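Engineer: This is the structure I have questions about; it appears just below.
Please treat every number below as a calculation from the coordinates, not as lab data. Note that the coordinates shown come from a computational prediction; the quantities given were computed from them, not determined experimentally. When we count neighbours, we look across all protein chains shown, and the Cβ atoms used for this are built from the backbone with ideal geometry, even at glycine.
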Amino acid sequence: MPLNCSSLATKFPHTLGGLKTTATTTTIHVGRGGFFNLINKTHQNNSLYIASLSLNKRNSSQRYCLSSSSSSFVMEDTKDMGFSTLEPGKYSNELDIAVRAVQMACFLCQKVQESLISKTTSQVQAKDDNSPVTIADWSVQATVSWILSETLGSRNVAIIAEEDVQNLSKADSAGLLEAVVQTVNDCLAEAPRFGLKAPGTSLGSSEVLEAISRCNSTGGPNGRFWALDPVDGTLGFVRGDQYAVALALIEDGEVVLGVLGCPNYPMRKEWLSYHHRYHRIISKLTPPTSESWDKGCVIYTRRGSGEAWMQPLIQGHKKLVWPNSATPVKVSTIENPALATFCEPVEKANSSHSFTAGLAHSVGLRKQPLRVYSMVKYAAIARGDAEIFMKFARAGYKEKIWDHAAGVIIIQEAGGVVTDAGGRPLDFSKGMYLEGLDRGIIACAGAKLHEKIIRAVDASWNSSSL
């Protein structure tokens, strides 16, 4: 019996990257909770229609498609497809655009990293603090800045980000700037694949520099701004290992949405313990199956949703479909320290491995630490691949908000806890730094583990050299 979709539908606005199409598809999704979700997507005027019917059917995962020109059903098995069910609401439009922008940024990074790994190039520069910066850092910042400004309006967009144009604008950096401009234009030309509008003409050097320079917000407690780390973990990126693209929206000092792109994150968590180059070799010998993806994901959430979602990176010439095969992620339920895995930074310069080793022993952690570059550590906890992240910087080091904002909200909405070592929430309202941070940062899958770490820090801090 055909359903009268229009009589059941509820309408709410839902912008899909500013694109308008006239295609109409009706999807009925039967989830494990026994609810019959009818989704009649009509992209005309950027609207999405949804209705839910109660259905006495348990443990079912099937999708029924009803053509707008026919009353017949086409049933598709959607086991493990995990269609995203993040309810529309405040910040839905911003989250939609942010996910698409990060997907594009990851696409760009993959191309640049392949070039870095395959040959020695002059694409890596050194900042004043001797940390590396690459074509990808500047190119991603320019690309994301341009996308946010074009889709949300430049007057409505303020961005605080890691890179500036000082080195890129020098007379002897003409070749580097040319490479960045080419990389940005190559990426933006692919925008329609990601549901975004490409520029009418290629951007020139001045426009790319302007897009990078536009990321000049100073943050603070009032108003709305984006925090962007174009390539978090640049050292891992250069070495062909883990890195992340991190984008968060902060409003009145509170992080309200976060998106983490992890291009090299393996879908099998055991691969995190291996250098990515080794994984590259092995993955070629064991190609991914059609039911799963091999590596690379984007994890995202928004404040108050009580859930976080993970979708695969768009590979090859495929297009981003929304919603796509996104799956919910939840933190681990492990509470026994002896079974828990803890993460820490790879580099000793920004974190004390000896102090965290002592903490791990006193708490009862028995597994070897998982040392991972970048905010992939936050992703690992949100996904349930690890339970604890500890970072205790040496004296004088100040944590920057773009290194944590996206990861913090993702863990929190996935069910975890993130505070400083004094048990206080991280404060993103003080500008570019996490001012007032008490000793270090502790992220845990659950409150019990978190409490144990906090107590251990208090007991051993005075004997540390930090």
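Engineer: A 29 angstrom limit on the alpha carbon distance is what I want to check against. Which of 295/319; 90/398; 170/319; 295/452; 318/400; 330/391 exceed it?
Structural biologist: Among 295/319; 90/398; 170/319; 295/452; 318/400; 330/391, the Cα-Cα distance tops 29 Å for 90/398; 170/319; 295/452; 318/400.
Engineer: For a test of the definition: using alpha carbon positions, the gyration tensor, and the 1.5 limit on a/c, classify the range 167-254 as rounded, prolate or oblate.
Structural biologist: It is rounded, given that a/c, with a ≥ b ≥ c, falls under 1.5.
Engineer: What's the local net charge at residue 251, with K and R +1, D and E -1, over the other residues with C-beta under 14 Å away?
Structural biologist: Value of the local net charge: +1.
Engineer: Would you mind checking which residues have amide H under 5 Å from residue 399's amide H? H placed 1.01 Å from N; only 5 or more apart, or other chain.
Structural biologist: Residues meeting the amide H criterion: 434.
Engineer: Kindly write out, for the range 243-257 in residue order, the coupling ³J(HN,Hα) from the Karplus curve 6.51 cos²θ - 1.76 cosθ + 1.60 (θ = phi - 60°), rounded to whole Hz, with x marking Gly and Pro.
Structural biologist: Ordered by residue, 3J(HN,Hα) equals 7, 8, 9, 10, 9, 9, 10, 10, 10, 6, x, 10, 6, 10, 7 Hz.
Engineer: Next question, about the same structure. Ranked highest first by average number of other Cβ atoms within 10 Å, how do 108-114, 409-415 line up?
Structural biologist: Going from most to least packed, we get 409-415, 108-114.
Engineer: Please list 237-247, 155-165 highest first by mean number of surrounding beta-carbon atoms within 10 Å per residue.
Structural biologist: Packing order, densest peptide first, comes out as 237-247, 155-165.
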